1. Take the conditions β-branched (Val, Ile, Thr), within 20 Å of the chain's Cα centre (by Cα) and within 19 Å of B:HIS87 (Cα to Cα) and apply them to A:ILE74. Does it pass?
2. I want to confirm something. Restricting to the stretch A:173-216 and keeping residues that are among the hydroxyl-bearing types (Ser, Thr, Tyr) and in contact with a strand residue (DSSP E or B) (Cβ under 8 Å, 6 or more places away or on another chain), which single residue is farthest from A:VAL96 (Cα to Cα)?
3. Could you tell me whether A:LEU225 is surrounded by fewer than 16 Cβ atoms within 10 Å (Cβ to Cβ) and under 15 Å from A:PHE124 (Cβ atoms)?
4. Restricting to the stretch A:82-125, count the residues that are within 10 Å of chain B (Cβ to nearest Cβ) and charged (D, E, K, R).
5. Inspect the stretch A:308-327 for any residue being surrounded by fewer than 15 Cβ atoms within 10 Å (Cβ to Cβ), of a type outside the set (Ser, Thr, Tyr) and modelled with pLDDT under 90 and give the result as yes or no.
6. Out of the stretch B:72-90, which residues are within 9 Å of chain A (Cβ to nearest Cβ) and surrounded by fewer than 19 Cβ atoms within 10 Å (Cβ to Cβ)?
7. Read through the list (1) under 22 Å from A:ASN330 (Cβ atoms); (2) away from chain B (no Cβ under 14 Å), then give the number of the only condition that A:GLU256 fails.
8. Mind counting the residues in the stretch A:59-109 that are surrounded by 15 or more Cβ atoms within 10 Å (Cβ to Cβ) and acidic (Asp, Glu)?
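The values are calculated or read from the model by the stated rules, or taken from the named source; none is laboratory data. None of the values given here were measured: they were computed from a predicted structure. Glycine gets a Cβ as well: all are built from the backbone with ideal geometry, and neighbour counts include every protein chain shown.
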Amino acid sequence: MRTLVWAKRVAHACLLLFLGLSSIGAHGQDEEIKPVPILVGYPAYFTRVTGGQVQDAPSFSPLLLVPLGDKWLIEAKGNLSDTYAKNAKGDYIGTVSYGLGYAQIDYIANRFVTVAAGRFITPFGIYGERLAPNWVRALQVSPLTGPITSGSSLGGMLRGGFPAGTDKINLNYAFYFSTVNTNHLLATDRSTGGRIGFFMPGPRLEIGASFQQLLQLDRSHAVGLHAEWQPNALPLTLRSEYARSSGIKGSGYWIESVYRLNQLPYLRRLEVAGRAQQFFAAPKLTKAVAAKLGALGRDTNQADFGLNYYLRSDVRASASYGRQFALGKNANIWVIGMTYRFIMPLAPTSGAKGGAL
Amino acid sequence: MKMKFSINGLSLLVALFLCLALAAAAKTGNGKEKGKDTSAAAVTVNHNAQDDTMRLEGEKRFHSNCGRCHAAPPKFPPRTMATIVRHMRVRATLTDEEMHLILHYMTQ
């Protein structure tokens, strides 16, 4: 009888210990998951017809992510594309282009600050950093405001996101300094600037502002505003950006809406996207400067409408039509193609306790 | 003879007392064990409730943050997911709490 009682007591103690350890394990589970290096890739093939000019552009954008320990991350993204188009003689010629989107090392110093160094995407607005990859963008045609600021920077950056005194608002920020690089593949400007945003998880609304000061050439500055909203009641995303340069690069804005047809049984994989934008060239540009600036040298209005169909969660077919209105350059823009996204671990993923590099 | 009956009676009383005492002790012991059962169950319930809360909160954060830019990805192996979430913490400036909640949700 006594043995039975003790056996029961030991059994209960073991049960309690097990439950306690499980509980502790559950709390620390996320920390115990050791990340592995991975390769992410976006192979894509798009045919684009701009004002009757056909371009076929297969492209590949590999992204390497190497976590080091608990706080470090190396990120490197390359771009490779081969654009086929007819030349003046009518021959179908391919032009290979490649580049380095970014190659940076990040150190997560604490819950407020992440330090990044290397070549990185300039934190101005939301399109460049978050929406530009082929796989992510809702419309393959880029906004006209993109070239107003330097797309890439070389130097250091402080960034992070944290609750702004309440759980209802998150503050996110990024401040950077970039040095000049004249290499034709890795060109960057000497500049400084940053972005600050407030994200409200409840209504799923983000508003923010950006600033960039060029520290070379005409020493112009640029300011930007951005907003993004996803109503809780609808599978709809509304986003917008405004950018203005004090120099010769003009100003403009775009408004984009993306609606996923979740509520229709046979069309739930379909996404409808639309964008309207206006670009205003800087006043008093000489003809020579306007010609040198290309698209930034003339007022342009543009409207795009597109469809994205997710064949699988990682394969997307896209098609869009746009109409561009520019003085003497009105054009239809057709785009059709596919994107595939893969994620490949570069180390065994079995066992949560395996060490990172 | 009377003494023998007394001893027998006393023995009987002592035996009865012992039986009652053991029964009481056993009852008390059972009560303690029941208490332990209750506390163990409470730990389990608490753990499950906390786990559910974290998962639900993680799902909410996942949709409100990740869905802003791209379609919801499938769940990947935990160690792959940990790298992706760290990348997204930097790229999309997720908060520390959001990163942990999303990782918890995506690895369940």
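1. Numbers: β-branched (Val, Ile, Thr): yes; within 20 Å of the chain's Cα centre (by Cα): yes; within 19 Å of B:HIS87 (Cα to Cα): yes.
So A:ILE74 fits the description; yes.
2. First, the residues of the stretch A:173-216 that are among the hydroxyl-bearing types (Ser, Thr, Tyr): A:173, A:176, A:178-179, A:182, A:188, A:191-192, A:210.
The next check asks that each one be in contact with a strand residue (DSSP E or B) (Cβ under 8 Å, 6 or more places away or on another chain); those that pass are A:173, A:176, A:178-179, A:188, A:191-192, A:210.
On the way: A:TYR173: 36, A:TYR176: 31, A:SER178: 28, A:THR179: 28, A:THR188: 21, A:SER191: 29, A:THR192: 32, A:SER210: 33 Å.
That would be A:TYR173.
3. Values: surrounded by fewer than 16 Cβ atoms within 10 Å (Cβ to Cβ): yes; under 15 Å from A:PHE124 (Cβ atoms): yes.
So A:LEU225 fits the description; yes.
4. The number of residues fulfilling the criteria is 2.
5. Scanning the stretch A:308-327 turns up at least one residue that is surrounded by fewer than 15 Cβ atoms within 10 Å (Cβ to Cβ), of a type outside the set (Ser, Thr, Tyr) and modelled with pLDDT under 90.
6. Filtering the stretch B:72-90 for residues within 9 Å of chain A (Cβ to nearest Cβ) gives B:72-74, B:76-87, B:89-90.
Correct list: B:ALA72, B:PRO73, B:PRO74, B:PHE76, B:PRO77.
7. (2) is the only condition that A:GLU256 fails.
8. Qualifying residue count for the region: 2.
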